[in-house]
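None of the figures in this text is laboratory data; all of them are computed from the coordinates on show. None of the values given here were measured: they were computed from a predicted structure. As a convention, Cβ positions derive from the backbone with ideal geometry for all residues, glycine included, and neighbour counts pool all protein chains shown.
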Amino acid sequence: MDFSSRLLLLLEVIELGSFTNVAERNNLDRSVISKQISRLEEELGVRVLNRTTRSLSLTAAGNEMIKQAKQLRELLNNTYRLAQNYHLEPRGILRLTSSMMFGRQYVQDAISVFQTRYPDIQCELRLEDKLVDIVEEGFDIGFRIGKPKSSSLVSRKIARSRLLIVASPDFIRQHGEIDSIAKLESLPAAIYSTPGLLMDKFNYLDNNQVGQHFQLNAIYKVNDVEMLVKSVVAGNTLAVVTAQMIQNEVIEGKLIRVMAHLNLEDFGTFYAVYPHRDAPIKTKLFIEVLMSIIGESTPIWEQNIPSLNN
């Protein structure tokens with residue numbers, strides 16, 4: 001490992017918080033990381049880290065080295081990215097991050113097609129529903145709901161994510177027709193819930209185009225969208241779901257749209273997010289493959305709900 005690699009290793013230690021975390025990410029022994037940082041300090045002639053048994057902190061010199069390491073990483077990434085655009089065929093590693101469901105349903109399919117077309121590309125996919133810092137963690141593309149807040153990121157719209165209210169035929173037979181907001185709010189409902197996110201309130205426009213909202217009577221909270229749909233199919237609850245969550249349940253008559261006339265506010269829009277406007281060719285080509293699977297105008301998941309545009 002040369003000097004620049006050790007400097008970047010120091011940056012990784014600070015960003016991940018420990019030698020152990022860096023060792024796990026790089027599949028190395030912790031002692032290797034410690035030795036390389038000690039070697040860096042020998043080369044610089046100054047201590048860059050204060051080490052205790054429980055924590056690491058930067059010295060004043062270490063803080064300056066981190067600034068230089070960040071500039072070095074950006075320079076190297078930009079150089080590599082520019083070189084990628086001169087290749088006739090994409091190559092190297094494409095690192096992707098996505099929410100769980102969108103990744104399983106569509107990003108994985110796109111990877112299969114992409115690697116068949118471009119066998120020199122290695123793909124890495126991380127699926128998690130929390131927001132990931134794609135720059136800090138070195139991802140080429142992130143797929144998320146909503147535009148990024150950071151102006152340094154580039155976003156491309158992938159598809160809309162519409163909401164609909166659904167219940168099973170058995171549920172409607174048991175509770176009768178659901179024809180008012182009051183009744184909708186009184187019936188047992190399943191909702192998606194994770195720490196910090198409780199999806200029980202939804203916005204809509206009334207007949208006068210005035211914004212209103214309703215709140216579901218949640219008797220079941222779950223952090224998995226597939227379980228949410230299963231609860232509704234079983235007839236225990238109704239739910240507000242995104243069109244993307246529906247497979248063939250509406251077509252097969254297992255689920256019925258409730259209050260289809262209600263002008264629900266969209267859940268949001270899926271975006272592809274990446275760090276640079278002049279992205280490498282591998283990034284551009286992957287997004288094109290994904291768009292060919294999802295559809296350019298109407299997303300493929302809306303085809304499972306014939307009445308959605310009514």
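Some notes on this structure:
- For segment 150-206, alpha-carbon Rg relative to the globular expectation (2.2 N^0.38 Å, N residues): 1.63
- A full extension of the chain between Leu72 and Ser193 corresponds to an added length of 39.4 nm, given 0.36 nm per residue minus the alpha carbon distance.
- Charged side chains reduced to their Cβ positions (Lys and Arg at +1, Asp and Glu at -1) give segment 3-75 a dipole of some 120 debye around its Cα centre.
- DSSP beta bridges in segment 163-264 [antiparallel fraction, %, rounded to 5]: 75
- For the chain, the equivalent ellipsoid built from the Cα gyration tensor has semi-axes of 47, 23, 17 Å, listed from largest to smallest.
- Relative contact order %, the chain, counting alpha carbon pairs below 8 Å whose residues are six or more apart: 20
- Size of charge dipole - segment 163-264 - debye, nearest 20, with Cβ of Lys, Arg +1 and Asp, Glu -1, no other charges: 80
- For the chain, the share of DSSP beta bridges that are antiparallel, to the nearest 5, is 65%.
- Positive-end ranking of Pro195, Leu72, Leu238 along the dipole of the chain, with charges on Cβ about the Cα centre, is headed by Leu72.
- Cβ-placed point charges (K, R +1; D, E -1), dipole of the chain about Cα centre in debye, nearest 20: 520
- Where trypsin sites (Lys or Arg not before Pro) fall in DSSP loop in segment 88-147, at most 13 other Cβ within 10 Å: Lys130
- Distant-in-sequence amide H partners of Leu238 (H built 1.01 Å from N, under 5 Å): Ala189, Ala190
- For segment 269-288 versus segment 54-78, the gap between their alpha-carbon centres in whole angstrom: 27
- Percentage relative contact order, segment 163-264, counting C-alpha pairs under 8 Å, at least six apart: 44
- Here the spin labels are modelled as points 7 Å beyond Cα on the Cα-Cβ line, and at Arg47 and Lys230 they lie 5.5 nm apart.
- Amide H contacts under 5 Å for Ile246: none, restricted to partners 5 or more places along the chain or on a different chain, H placed in the peptide plane at 1.01 Å from N.
- Residues Leu8, Leu197, Leu76, sorted so that the one with the fewest Cβ neighbours within 10 Å comes first: Leu197, Leu76, Leu8
- Förster radius 30 Å - calculated FRET efficiency between Val222 and Asp266 (Cβ-Cβ, nearest 0.05): 0.85
- Residue of Gly142, Gly235, Gly196 that the Gaussian network model of the chain assigns the largest fluctuation, springs spanning Cα pairs under 10 Å: Gly196
- For Ala159, the residues whose amide H sits under 5 Å from its own are Phe270, ignoring neighbours fewer than 5 places away on the same chain, with H placed 1.01 Å from N.
- Simple spin-label estimate for Ala83 and Ser292 gives 2.8 nm between the two label positions (7 Å along the Cα-to-Cβ direction from each Cα).
- Given Lys130/Lys254; Lys70/Lys157; Lys35/Lys149; Lys157/Lys254; Lys70/Lys284, the pairs whose alpha carbons are separated by over 27 Å: Lys130/Lys254; Lys70/Lys157; Lys35/Lys149; Lys157/Lys254
- Taking a ≥ b ≥ c as the square roots of the eigenvalues of the alpha-carbon gyration tensor, segment 13-139 is classed prolate because a/c is 1.5 or more and a/b outweighs b/c.
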